[in-house]
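The next block holds one structure in the form of structure tokens; read it before the comments.
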Amino acid sequence: MIINFEGIDSCGKKRQVDKFTDYLSSQGFSFKVFSFPNYDGITSREKITPYLKGQLKLSPWEAAKAYADDRYEQKDSIEKSSKKGDIVIYNRFTLSNIAFQGARIIDKNEREILIKKIKKYESKLPQPNLQFFLDVPPEAAYLLADLRSLETRKDREYLGGRKKDIHEEDMAFQQRVYEVYINSKKDESLITLPCLTQTYLRKPLTLEELSERFDNLDDKIAYVIRKPEEIHSDIVKHFQTRKFN
């Protein structure tokens, strides 16, 4: 079984991957996690990291191919884990490529051409049969990113001191990424998980308003996004339905 976690930047994928793997361990499942891009890989070092830092210009197709090649570097390891009976977990996969590179193309017909090209190029990779889309709209994701920037995050070290990569800095771009994800809901393997609290949906607050109302960082985050345990519970229920039915 191959499970993929998707969503725009700062939606909380890593936290949910970590909670889900803790659950798998507690239930005696063997598993292997593959996070993409793999910043230690050859393609990432030569192309993806410089691209995200704004040091290397790549067309949407050139960037999509680089992200795909980064995954192809892990293809043998993925297949080995799958054959061994491990549950394979992806933190981003083909759908991320479709969403992020597709969003760079404004013309919808040209975007569809690129999406088909990406799907064909990545078709020989082991594809997920269950995908979770953490539904956090860009304005909330940006707010969460600003809140979490107050924390020390080792997963940002690849940026060499930058707080955000070129994708994260562009709000309009993130909105298009989100729209591509939403338009992918017809994919039968994709399950959309609403992540925002009803309180925030009724009354969105700015960073300044949250700072005035709450002193504690966790309380600020909890106003915006559902408790990680609640989202995790939804993920487990869907996993159990697919795994045991």
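Quick notes on this one:
- Across the options G41, L58, S81, the greatest Cα extent toward the positive end of the charge dipole of the range 41-85 (unit charges at beta carbon of Lys, Arg, Asp, Glu) belongs to S81.
- Between the listed residues V136, L210, I118, the Cα displaced farthest toward the positive end of the dipole of the chain, a dipole computed from Cβ unit charges relative to the Cα centre, is found at I118.
- Cβ charges +1 (Lys, Arg) and -1 (Asp, Glu), total dipole of the range 167-245, debye: 580
- Given charges at beta-carbon only (K, R positive; D, E negative), |dipole| of the range 1-84 in Debye: 100
- The calculated FRET efficiency for S77 paired with R15, based on their beta-carbon distance and R0 = 22 Å, is about 0.40.
- Candidates per trypsin sites (Lys or Arg not before Pro) in the range 1-106, loop by DSSP, up to 16 other Cβ within 10 Å: K53, K57
- Rg/Rh for the range 36-127 stands at 0.99; both radii use Cα atoms, and Rh follows the Kirkwood definition.
- Theoretical FRET efficiency, 1/(1+(r/R0)^6), r = Cβ-Cβ of H238 and S35, R0 25 Å, to 0.05: 0.75
- For T197, the residues whose modelled amide H falls within less than 5 Å of its own, excluding neighbours fewer than 5 places apart on the same chain, are I225, R226.
- A helix-only calculation puts the chain at -15000 deg cm²/dmol for mean residue ellipticity at 222 nm, using -39500 (n - 2.57) for each DSSP H run of at least four residues, averaged over all residues.
- Amide H contacts under 5 Å for V136, placed H, 5+ residues apart: I8
- Viscosity 1.567 mPa s, 4 °C: Kirkwood-radius Stokes-Einstein D of the range 166-241 over Cα pairs, µm²/s: 87
- Using θ = phi - 60° and Karplus 6.51 cos²θ - 1.76 cosθ + 1.60, couplings along the range 29-45 (whole Hz; Gly, Pro as x): 7, 8, 8, 9, 9, 10, 9, 10, x, 8, 5, 8, x, 5, 5, 5, 5
- Along the range 235-241 the Karplus relation, 6.51 cos²θ - 1.76 cosθ + 1.60 evaluated at θ = phi - 60°, assigns HN-Hα couplings of 4, 4, 4, 5, 4, 5, 5 Hz to successive residues, with x for each Gly and Pro.
- Area projected by the alpha carbon convex hull of the chain, averaged over all directions, nm²: 13.7
- Charging the Cβ of each Asp and Glu at -1 and of each Lys and Arg at +1, and nothing else, the dipole of the chain about its Cα centre rounds to 780 debye.
- Whole-Å distance, taken between Cα centres, linking the range 1-57 and the range 182-199: 19
Every number in this text was worked out from the coordinates using simple rules, so none of it is lab data. Predicted model only: the values in this text are computed from it and were never measured. Cβ sites come from the backbone with ideal geometry, for glycine too, and all protein chains shown count toward neighbours.
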